[in-house]
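Read the structure below first, then the notes.
The values are calculated or read from the model by the stated rules, or taken from the named source; none is laboratory data. Given the structure is predicted, the values throughout are model-derived calculations rather than measurements. FYI the Cβ positions are ideal-geometry reconstructions off the backbone, even for glycines, and counts take in every protein chain you see. Just so you know, the surface numbers come from the protein's heavy atoms only, side chains and all, with ligands and any DNA or RNA stripped out. Shrake-Rupley method; radii C 1.70, N 1.55, O 1.52, S 1.80 Å.
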Amino acid sequence: MVEPEWMEHARALVGKEYGRIYAWDKVNAPMIRQWCEIMGVDASPYLLEGGVHAPESMLQVWCMEGFTLRNYPPGSTTENPFEVLNLMEIQGLGSVVAVNSELQFIRAVREGERLYYTTRLDSVSPEKITALGTGYFVTFVMRYFSEIASGDQEVGELLFRVFKFKPAQVAAPGAAASAPTKPKRPAPGISNDTQFFWEGARSGQLRIQRCTACGTLRHPPGPVCSQCHSFEWEAVTASGRGQVYSFVVMHYPEVPPFEYPNVIALIELEEGTRLITQLVGIAPTDVRIGQKVQAEFHSYDGGMVLPQFRPVRSAN
Ligand code: ZN
């Protein structure tokens with residue numbers, strides 16, 4: 001296949017090594033303890049036995065920038081190790097999905113060590129056509145080191161691969177006169193355990209699974225009651241009233257057909273179970289935790305019915 005000319009510039013970057021990105025903090029016990037708590041891992045083997053050392057799979061955590069993008073400690077490189085992705089973006093490959101991530105560990109890191117990593121653009125695949133769209137698999141390898149006066153030591157490696165692509169079903173430039181095909185929503189995977197929920201949605205009901213042995217409500221649906229381990233259950237219809245328990249606003253990457261910024265909310269129903277859903281009828285900047293909402297049902301792509309929630313004004 002003949003590649004477009006701009007790909008020559010992209011391919012010329014393969015093998016390029018980008019400079020160091022340092023950790024803000026030395027390896028420390030509070031971060032280890034908090035990470036273990038979030039991951040549901042017992043921290044005591046890392047904090048008590050044989051001196052403080054970090055779980056290997058925390059490796060990437062140490063050198064993260066935090067909430068502000070590209071906010072790295074002094075001494076870190078100012079180069080953008082992902083410049084090849086920017087090159088592709090300019091060419092209309094605006095979407096990206098992470099494909100795989102592989103960690104290799106050379107040794108555990110101990111309290112007080114300061115880490116940094118370097119990035120190498122490892123490979124760019126030939127053009128691939130996938131269900132998502134057409135683009136390139138791009139692989140980066142980050143090598144992690146511990147800074148040591150007598151000579152830095154490599155402690156591990158992260159392979160990170162993304163698919164950078166132009167989404168399928170987007171009208172080609174010049175074809176703007178004809179109506180572009182609207183990409184469809186991903187359809188839910190429906191199993192024996194979840195069929196009742198989607199059937200309920202089609203008839204305008206928000207259904208919750210209830211254990212017939214102990215009466216516990218549960219969502220998302222599953223085959224077994226987490227309280228009493230009974231396999232017996234029935235579906236009850238919820239009122240549809242609830243409140244915003246938590247939410248995130250997705251800005252990037254933009255995946256069609258969703259509109260961005262895309263608010264994804266965790267709604268706590270008045271019955272007590274929670275579900276992840278989209279909000280309608282509200283600007284992303286106006287969403288508040290605790291806001292009262294009401295379920296409504298919308299059809300998409302000729303047949304799929306999804307429950308979504310609309311804020312309601314509190315009756316005062
Ligand atoms: Zn039960």
Condition set open to solvent by less than 30 Å² (accessible area, probe 1.4 Å) and without any contact (Cβ under 8 Å) to a residue 60 or more places away in the chain, scope the range 245-275, selection nearest to I190 (Cα to Cα): answer is L275
Taking the range 18-71 and the residues there that are over 24 Å from the mean Cα position of the chain (by Cα) and acidic (D, E), the one that is modelled with the lowest pLDDT would be E49
Residue in the range 231-240 that is in a loop (DSSP other than H, G, I, E, B), closer than 26 Å to K292 by Cβ, more than 12 Å from the ligand (Cβ to nearest atom) and of a type in the set (S, T, N, Q) present: yes
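Suppose the filter is assigned by TED's automatic domain parsing to the domain that holds L13 and assigned to a helix (DSSP H, G or I); does S57 pass it?
In short, yes.
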Counted residues in the range 211-223 being more than 27 Å from the chain's Cα centre (by Cα) and either farther than 10 Å from T273 by Cβ or not polar (S, T, N, Q) (or both) come to 6
Residue set E49, E65; condition outside any helix (DSSP H, G or I) and open to solvent by 50 Å² or more (accessible area, probe 1.4 Å); output residue E49
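Among the residues of the range 213-222, write down those that are within 12 Å of the ligand (Cβ to nearest atom) and either assigned to a loop (DSSP other than H, G, I, E, B) or hydrophobic (A, V, I, L, M, F, W, C) (or both).
Passing the criteria: A213, C214, G215, T216, L217, G222.
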- Query: Just a yes or no: is a residue in the range 89-104 within 30 Å of P4 (Cβ to Cβ), touching a His at 6+ places or on another chain (Cβ under 7 Å) and at pLDDT below 95?
  - Reply: no
| said: Against the definition (under 26 Å from S299 (Cα atoms), of a type in the set (S, T, N, Q), touching a strand residue (DSSP E or B) at 6+ places or on another chain (Cβ under 9 Å) and without any contact (Cβ under 8 Å) to a residue 24 or more places away in the chain), how does S191 come out, yes or no? | reply: no
Flagged in the range 84-121 as out of contact with any Gly (no Cβ under 8 Å at 6 or more places or on another chain) and within 18 Å of E8 (Cα to Cα), in numbering order, are V84, L85, N86, L87, E89, I90, Q91, G92
When the range 200-212 is checked residue by residue, the ones that are open to solvent by 80 Å² or more (accessible area, probe 1.4 Å) and more than 16 Å from the ligand (Cβ to nearest atom) are R202
Condition check for L87: within 20 Å of the chain's Cα centre (by Cα) and either within 26 Å of V249 (Cα to Cα) or surrounded by 13 or more Cβ atoms within 10 Å (Cβ to Cβ) (or both): no
Yes or no: the range 213-227 includes at least one residue that is touching a Phe, Trp or Tyr at 6+ places or on another chain (Cβ under 9 Å) and open to solvent by 80 Å² or more (accessible area, probe 1.4 Å). yes
Matching residues in the range 90-138 (over 20 Å from the mean Cα position of the chain (by Cα), among the hydrophobic types (A, V, I, L, M, F, W, C) and part of a strand (DSSP E or B)) number 5
Filtering the range 276-293 for residues that are touching a strand residue (DSSP E or B) at 6+ places or on another chain (Cβ under 6 Å) and either open to solvent by less than 60 Å² (accessible area, probe 1.4 Å) or assigned to a strand (DSSP E or B) (or both) leaves a count of 12
Within the range 145-168, restricting to residues that are β-branched (V, I, T) and open to solvent by less than 30 Å² (accessible area, probe 1.4 Å), the one that is nearest to T130 (Cα to Cα) is V162
